[in-house]
Amino acid sequence: MKLVIENLTKTYKNGVKAIDNLSIEIGTGMFGLLGPNGAGKSSLMRTIATLQSPDSGSIKFGDIDVLEDNMSLRKILGYLPQSFGVYPKMSAEDLLDYFATLKGIASKSDRQKLVKEVLEITNLYDVRRKHVAGYSGGMKQRFGIAQLLLNNPKLIIVDEPTAGLDPAERHRFLNVLREVGTNCTVIFSTHIVEDVKELCNEMAILNGGRILNHTTPQEATKEIEGTIWKKIISRDDLEENEKNFNILSSNYNQDNTLNIRVHATEKPADDFVAATPQLDDVYFIALKQDEPVLN
């Protein structure tokens, strides 16, 4: 099933245009929506998830007209928001059983079978009798995936799911998401480039409520081959280099020098060497090209 969004617009009462005439098609598999904080990612996710209405435009998922028939979408939707609420003092097993009841699964044996299955998928079965309130951040995020899997969703939306997770928890969470995202459409919203590179077969860069680039991670880096250059400079020389070159990023070395990466169609100066393109470079190029031109 394909998600088709056409000419979607949303402006809030304070005048902020969160979604700006956005059109995109998203197919089966892991789709990364990459953008800085405030780019409009959460607004788009909430609109697709039928939690808010756009001012104009259309959203279709398969044969479902989402804006006209949001209940049909909700039946096949799994949504994990950026903040996943407050947990009562209940075990994961009991809370999932409760959620399964709310989702209309009347048979106790069916619920038990389903709860066991989603706990195993999310690697939480061994801690199923612990209170969810006492889970670590990564375990809570995996519990969030477990609850959204209860209705066998065809469309899954996860909004900034790895923010605040330590590296081990992030790795476990991404593995779970990778496993559940093989047979459905998963939209993975994040500002962390590494997550998209590791997980997604397709991606888009969003800023100012607009799609800047819709591509694949592999194609995106291939397109900028031969245009990324690097050199090591002292911290004192950064300002001068910023004036002369299109610096995408700078990172400190242990001796307090800086690695700078520059985007240019030709070698910027003799002391630069060619660098292998990275997805971070693609991201920073798109954002730089979207910056307003100052007169």
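The values are calculated or read from the model by the stated rules, or taken from the named source; none is laboratory data. It should be emphasised that the depicted structure is a prediction, and the values quoted were computed from it without experimental measurement. In this analysis, Cβ positions are derived from the backbone assuming ideal geometry, glycine residues included, and neighbour counts consider all displayed protein chains. Areas reflect the complete protein model, heavy atoms only, side chains present, ligands, DNA and RNA absent. Shrake-Rupley method; radii C 1.70, N 1.55, O 1.52, S 1.80 Å.
For Ile156, the conditions (1) open to solvent by less than 10 Å² (accessible area, probe 1.4 Å); (2) within 14 Å of Asp94 (Cβ to Cβ) are fulfilled apart from (2). The test for being surrounded by fewer than 20 Cβ atoms within 10 Å (Cβ to Cβ), within 24 Å of the chain's Cα centre (by Cα) and in a helix (DSSP H, G or I) does not hold for Glu239.
Assess whether Asp63 counts as being in contact (Cβ under 8 Å) with a residue 60 or more places away in the chain, out of contact with any helix residue (DSSP H, G or I) (no Cβ under 6 Å at 6 or more places or on another chain) and among the acidic types (Asp, Glu). Spelling it out, it is not the case that Asp63 is in contact (Cβ under 8 Å) with a residue 60 or more places away in the chain, out of contact with any helix residue (DSSP H, G or I) (no Cβ under 6 Å at 6 or more places or on another chain) and among the acidic types (Asp, Glu). Scanning for something out of contact with any Phe, Trp or Tyr (no Cβ under 7 Å at 6 or more places or on another chain), at pLDDT 90 or above, assigned to a loop (DSSP other than H, G, I, E, B) and not charged (D, E, K, R), does segment 117-139 turn up at least one residue? Looking through segment 117-139, none of the residues is out of contact with any Phe, Trp or Tyr (no Cβ under 7 Å at 6 or more places or on another chain), at pLDDT 90 or above, assigned to a loop (DSSP other than H, G, I, E, B) and not charged (D, E, K, R). Checked against (1) under 20 Å from His214 (Cα atoms); (2) surrounded by fewer than 22 Cβ atoms within 10 Å (Cβ to Cβ), Gln52 meets all criteria but (1). Of the strands (runs of 3 or more DSSP E) lying entirely inside segment 160-227, those carrying at least 1 residues that are open to solvent by 40 Å² or more (accessible area, probe 1.4 Å) and modelled with pLDDT of 85 or more are 202-207, 210-215.
Considering segment 242-291, the residues that are surrounded by fewer than 14 Cβ atoms within 10 Å (Cβ to Cβ) and of a type in the set (A, V, I, L, M) include one that is nearest to Leu33 (Cα to Cα), namely Ala274.
Among the basic types (Lys, Arg), outside the structural domain of Glu117 (by the TED database), over 19 Å from Asp280 (Cβ atoms) and outside any loop (DSSP other than H, G, I, E, B), is that true of Lys231? Considered against the rule, which asks whether it is among the basic types (Lys, Arg), outside the structural domain of Glu117 (by the TED database), over 19 Å from Asp280 (Cβ atoms) and outside any loop (DSSP other than H, G, I, E, B), Lys231 comes out as no. Taking every residue in segment 263-278 that is over 17 Å from Ser250 (Cα atoms) and pairing it with any residue that is β-branched (Val, Ile, Thr) and open to solvent by less than 40 Å² (accessible area, probe 1.4 Å), at least 6 positions away or on another chain, the pairs with Cβ-Cβ distances below 6 Å are Thr265/Thr227. Being surrounded by 21 or more Cβ atoms within 10 Å (Cβ to Cβ), charged (D, E, K, R) and at pLDDT below 95: is that true of Lys75 here? So Lys75 fails the test. Would you confirm whether or not segment 128-140 contains a residue that is assigned by the TED database to the domain that holds Leu95, within 18 Å of the chain's Cα centre (by Cα), surrounded by fewer than 17 Cβ atoms within 10 Å (Cβ to Cβ) and on the phi < 0 side of the Ramachandran plot? Checked against the condition, which is being assigned by the TED database to the domain that holds Leu95, within 18 Å of the chain's Cα centre (by Cα), surrounded by fewer than 17 Cβ atoms within 10 Å (Cβ to Cβ) and on the phi < 0 side of the Ramachandran plot, segment 128-140 yields at least one hit.
Which residues, taken from segment 55-111, are among the aliphatic types (A, V, I, L, M) and within 17 Å of Val4 (Cα to Cα)? Even if it seems obvious, please write down each step before you answer.
So the first thing to find is which residues in segment 55-111 are among the aliphatic types (A, V, I, L, M), and the list is 59, 64, 66-67, 71, 73, 76-77, 80, 86, 90, 92, 95-96, 100, 102, 105-106.
Ile59, Ile64, Val66, Leu67, Leu73, Ile76, Leu77 - these are the residues of segment 55-111 that are among the aliphatic types (A, V, I, L, M) and within 17 Å of Val4 (Cα to Cα).
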